[in-house]
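Since the structure comes first, as structure tokens, the remarks are kept for the end.
The values are calculated or read from the model by the stated rules, or taken from the named source; none is laboratory data. Here the structure is a predicted model, which means the values were calculated and not measured. Note that we place each Cβ from the backbone using ideal geometry, even for glycine, and neighbour counts take in every protein chain shown.
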Amino acid sequence: MTGAFLNALGILAGALLGLGLRGPVPARAQNFFKAALGVATVVFGLRLVYESVGGTFAAGLKQIFLAMLAIFLGYWLGKLLQLQKISNRLGRRASNVILSARKNPPDAVSSLNACAVLFCAAPLGIVGAVADGLTGYFYLLAVKAVMDGLAMTSFVKMFRWPVALAAFPVFVFLGGISAACRFYAAPFLAAHQLMNSTNAVAGLVCCAIALVIFEIRRVELANFLPALAVAPLLAHWLG
């Protein structure tokens with residue numbers, strides 16, 4: 001649960017920074033952090049893929065092929081389950097609360113819920129929590145911690161300090177995913193030598209997340225999440 005703790009800590013640090021700053025974070029600094037976080041997401045994603053692929057060259061190619069196939073099938077499963085539409089709906093509700101705060105005095109409970117939903121629903125958080133729970137690879141959530149901290153510097157100016165409490169539901173949500181993966185999924189996957197298949201897919205999904213960070217193209221990230229479950233099934237059947 002190291003990653004969940006870092007994510008919560010990043011949100012609290014961002015709130016303190018936002019309260020301490022007289023104005024918003026300069027656009028130049030925001031662009032720098034955006035580029036740095038995009039690069040970090042790619043680097044840590046590819047590192048996770050590298051650490052998950054082993055054996056001979058032919059075996060490595062097969063593992064990459066199965067990971068790509070899992071992403072393809074997982075995407076269509078997510079589309080069938082309408083995960084992206086659910087994510088978009090949650091995002092719109094949270095965004096409406098944020099937009100209304102610019103016109104009307106913000107409601108503390110609604111503001112807290114909006115921030116918590118935005119931070120919890122991010123695909124990078126779910127992927128990072130799974131990777132952290134399975135192998136202790138907390139770097140993805142460390143990247144998300146910086147992202148959320150930067151976002152919180154703006155939220156805390158609109159909604160004031162109570163929104164910093166969003167760090168606690170984020171910790172519980174992501175920590176719960178990590179704990180479930182660590183105590184239930186990890187022993188099963190390790191016993192059947194399927195751990196690397198899930199981690200390889202997690203790393204590749206992170207590279208897709210970087211496309212959104214760099215604003216290269218819009219990607220239905222939530223629809224890729226079922227690939228994390230499809231990967232070990234393919235590895236078991238075709239590995």
Which of the following residues is hydrophobic (A, V, I, L, M, F, W, C), under 20 Å from L83 (Cα atoms) and in contact with a Phe, Trp or Tyr (Cβ under 7 Å, 6 or more places away or on another chain): V170, V219? V170
Using beta carbons and a limit of 7 Å, which pairs, at least six apart or on different chains, have the first residue in the range 79-101 and within 12 Å of A121 (Cβ to Cβ) and the second one not in a helix (DSSP H, G or I)? L83/L225; Q84/E220; S87/A121; L90/A121; G91/A121
Could you list, in sequence order, the residues of the range 108-146 that are modelled with pLDDT of 85 or more and among the β-branched types (V, I, T)? V117, I126, V127, V130, T135, V143, V146
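Matching residues to (1) over 15 Å from the mean Cα position of the chain (by Cα); (2) at positive phi; (3) among the small types (G, A, S):
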residue: M147; (1), (2), (3): no, no, no
residue: P162; (1), (2), (3): yes, no, no
residue: A166; (1), (2), (3): yes, no, yes
residue: F171; (1), (2), (3): no, no, no
residue: A179; (1), (2), (3): yes, no, yes
residue: F183; (1), (2), (3): yes, no, no
residue: A186; (1), (2), (3): yes, no, yes
residue: H192; (1), (2), (3): yes, no, no
Leading residue by the ranking (surrounded by the fewest Cβ atoms within 10 Å (Cβ to Cβ)) among those in the range 56-66 that are under 17 Å from H236 (Cβ atoms) and not hydrophobic (A, V, I, L, M, F, W, C): K62
Across the range 213-239, the tally of residues that are within 24 Å of A35 (Cα to Cα) and in contact with a Lys or Arg (Cβ under 7 Å, 6 or more places away or on another chain) stands at 1
Could you say whether any residue in the range 207-224 is closer than 15 Å to D132 by Cβ and in a helix (DSSP H, G or I)? no
Might you let me know whether the range 1-8 holds any residue that is aromatic (F, W, Y) and more than 22 Å from I177 (Cα to Cα)? no
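For every residue, the table says whether it meets (1) over 16 Å from the mean Cα position of the chain (by Cα); (2) outside any helix (DSSP H, G or I); (3) not β-branched (V, I, T).
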position	(1), (2), (3)
I11	no, no, no
G14	yes, no, yes
L17	yes, no, yes
R22	yes, yes, yes
V25	yes, yes, no
Q30	yes, no, yes
A35	yes, no, yes
A40	no, no, yes
F44	no, no, yes
Against the conditions (1) under 12 Å from the mean Cα position of the chain (by Cα); (2) within 27 Å of A235 (Cβ to Cβ); (3) free of Cβ contacts under 8 Å to residues at least 60 places away in the same chain, where does L118 fall short? Just the number, please. (2)
Matching helices (runs of 4 or more DSSP H) fully within the range 101-199 where at least 1 residues are in contact with a helix residue (DSSP H, G or I) (Cβ under 7 Å, 6 or more places away or on another chain), surrounded by 19 or more Cβ atoms within 10 Å (Cβ to Cβ) and among the hydroxyl-bearing types (S, T, Y): 108-120, 123-135, 139-159, 167-180
Among the residues of the range 225-239, the number that are in a helix (DSSP H, G or I) and out of contact with any Gly (no Cβ under 8 Å at 6 or more places or on another chain) is 7
